[in-house]
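A.B. asks: One structure coming up, written as structure tokens, with questions to follow.
The values are calculated or read from the model by the stated rules, or taken from the named source; none is laboratory data. These figures come from a predicted structure and were not determined experimentally. Here Cβ is always computed from backbone atoms with ideal geometry, including for glycine, and neighbour counts include all displayed protein chains. When the accessible area is computed, the model is the full protein with side chains, heavy atoms only, and any ligands, DNA or RNA have been set aside. Shrake-Rupley method; radii C 1.70, N 1.55, O 1.52, S 1.80 Å.
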Amino acid sequence: MQSNIYVICFLIIILTIGCQKADDFLHIIPTPEHFPAIDYPIKNKPQLEKIALGKSLFFDTRLSVDSTLSCASCHLPEYAFSDTLAVSKGVHGAVGKRNAPSLMNVAYVPLFNKDGGVTKLEIFSLLPIEDHSEMGIPAIQLVDRLSGDAHLQQTAQQLYGRPLDAFVITRSLAQFSRSLISAESHYDDFLKEGLALNDSEERGRELFFSPKTNCSKCHNGVLLTNHQFESNGTKVEYLDQGRKLISAKETDRGKFRVPSLRNVAITGPYMHDGSFDSLAEIIEHYNKGGQKHINQSEFIKPLGLSNEDKNDLIAFLHSLTDKKYIYN
Ligand code: HEC
Ligand code: HEC
């Protein structure tokens, strides 16, 4: 009996040590208490030094063919890592097709890009690097270019036990992207501590989550997105087929991933092609009930909002801005 207790104690100790080791990385990027846990890939768990390497690569213009652009040229830190242009400009003045999204809380995104065409963040970073309309440099050429940087080489060896190559670059950039957590807005104070929103924000919040607007049928949860592909009916005809490009289904034409609305007041222009400049324009769009494209969701219908309702919804959207982050 006693030996059984020893065995159990021994197992508990081993398990506790094991658990501590497995979860050691969790304090590195503390998950906000009111956010879901982040599902980190087993082979690329957060490590401070790897995040730091990813950060330096993110701001490094050598990642574009003519050394004019870094990731941060289209994902500007002061705008929650989004772009201020409707569609981003790549190397040699190339004009892209889509609006660059905010990278804040990208750790929670299940499928990347507005059509969900990319499944892993680790693979993702090679796409803008090699894309002719973005950074336009083949990975081999980039690795060759960076191989002369003794400091980078040494860091790669220390952290990954290999020379700086596409593996190291993509792992590190993914680590940095996942570290961009934003959870300190006025709305978060409300969620966490029950601190009151002001009157207009509160009326906006109630409207947003009410069947009168249906906003929260698609924008829900702490990130204000269900991560599904939906058509909110911004076009009569969609030039960009959206989700249909991936699924090949006609019923997916004009459907795009529902974006998180966190920091939305500072991430304009809006929608997949940056065709909306302001939140007021967006509220008008929803109030009219969309352009009635055949795939438009049934939840987009004329809302009959008063001017006060519209202002309140906009006030609520402003309460989603992470003040602490911006002033940092
Ligand atoms: C020329 C502008 C430009 C540059 C440079 C650029 N991006 Fe982007 N990024 C975009 C656009 C536009 C999208 C949206 C593409 C789409 O939906 O098809 C995007 C999407 C993303 C996404 C997906 C986010 C999501 O929510 O689906 C990630 C992650 C990302 N970029 C990271 C990076 C990294 C890392 C770099 C540097 C290696 C980089 N980007 C460089 C314009 C750019
Ligand atoms: C049927 C699902 C659905 C409903 C209902 C819905 N949205 Fe959206 N919303 C979307 C989708 C999808 C997009 C992105 C469309 C695109 O990329 O072209 C979007 C985009 C937005 C954007 C722009 C975000 C950005 O970064 O570009 C805002 C703001 C927004 N919605 C607010 C609202 C509000 C307010 C309501 C309620 C009045 C609402 N939405 C109702 C699906 C929905």
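A.B. asks: Let me have the 222 nm mean residue ellipticity of the chain computed from DSSP H runs of 4+ only, each contributing -39500 (n - 2.57), with the sum over all residues rounded to the nearest 500. Intermediate results must be reported in sequence, preceding the final value.
C.D. replies: Details: 15 runs with 130 residues, N = 328.
So the helix-based figure for the chain works out to -11000 deg cm²/dmol.
A.B. asks: Just how large is the dipole of the chain about the Cα centre, in debye to the nearest 20, putting +1 at every Lys and Arg Cβ and -1 at every Asp and Glu Cβ? Display every interim value, and only then the final one.
C.D. replies: On the way: 34 positive and 39 negative charges, 159 e Å.
Dipole about the Cα centre, nearest 20: 760 debye.
A.B. asks: Over the stretch 225-328, what percent of the accessible surface lies on carbon and sulfur atoms, probe 1.4 Å? Each step should come with its number before you reach the end.
C.D. replies: Details: 2730 of 5140 Å².
Its accessible area is 53 percent carbon and sulfur atoms.
A.B. asks: Rounded to two decimals, what ratio of Rg to Rh does the chain give with C-alpha atoms and a Kirkwood Rh?
C.D. replies: Details: Rg = 22.4 Å, Rh = 21.8 Å.
Rg/Rh for the chain comes to 1.03.
A.B. asks: For the chain, which longest stretch is free of loop sites, where a loop site is one of the GluC sites (Glu not before Pro) that DSSP puts outside H, G, I, E and B and that has at most 16 other Cβ atoms within 10 Å?
C.D. replies: Details: sites that count: GLU33, GLU237, GLU298.
Maximal segment without exposed cleavage sites: 34-236.
A.B. asks: Treat each spin label as a single point 7 Å out from the Cα along the C-beta direction, and report the GLN141 to ASP165 distance in nm.
C.D. replies: Label at GLN141, label at ASP165, 2.1 nm between them.
A.B. asks: Something else: At 24 Å minimum axial length over the Cα atoms and a Kyte-Doolittle cut of 0.5, report the qualifying DSSP H helices in the chain, or say none.
C.D. replies: On the way: long enough: 2-23 (31 Å, 1.24).
Qualifying helices: 2-23.
A.B. asks: Next up: Run the 1.4 Å probe and let me know the accessible area of PHE229, rounded to the nearest 10 Å².
C.D. replies: Here the residue's solvent-accessible area equals roughly 40 Å².
A.B. asks: Probe of 1.4 angstrom, ligands and nucleic acids ignored: what's the accessible area per residue over the stretch 42-178, in square angstrom?
C.D. replies: That works out to 46 Å² per residue.
A.B. asks: For HIS219, HIS92, give the ranking by accessible area with the largest first, probe 1.4 Å. Let's see the in-between values first.
C.D. replies: On the way: HIS219 20, HIS92 150 Å².
The ordering from most to least exposed comes out as HIS92, HIS219.
A.B. asks: Compute a Gaussian network model of the chain, connecting alpha carbons closer than 10 Å, and tell me which residue from LYS249, LYS217, LYS288 fluctuates the most.
C.D. replies: With Cα springs under 10 Å in the chain, the top fluctuation among LYS249, LYS217, LYS288 is at LYS249.
A.B. asks: Further, regarding this structure: Taking the Cα centre of the stretch 42-178 as origin, work out the dipole magnitude from +1 charges on Lys and Arg Cβ and -1 charges on Asp and Glu Cβ, in debye rounded to 20.
C.D. replies: Details: 14 positive and 13 negative charges, 84 e Å.
The dipole magnitude comes to about 400 debye.
A.B. asks: In what order, largest first, do HIS27, HIS318, HIS186 sit by accessible area if the probe radius is 1.4 Å?
C.D. replies: On the way: HIS27 135, HIS318 90, HIS186 65 Å².
Descending order: HIS27, HIS318, HIS186.
A.B. asks: If you place +1 on the Cβ of every Lys and Arg and -1 on the Cβ of every Asp and Glu, how big does the dipole about the Cα centre of the stretch 202-328 come out, in debye to the nearest 20?
C.D. replies: On the way: 18 positive and 16 negative charges, 68 e Å.
Dipole about the Cα centre, nearest 20: 320 debye.
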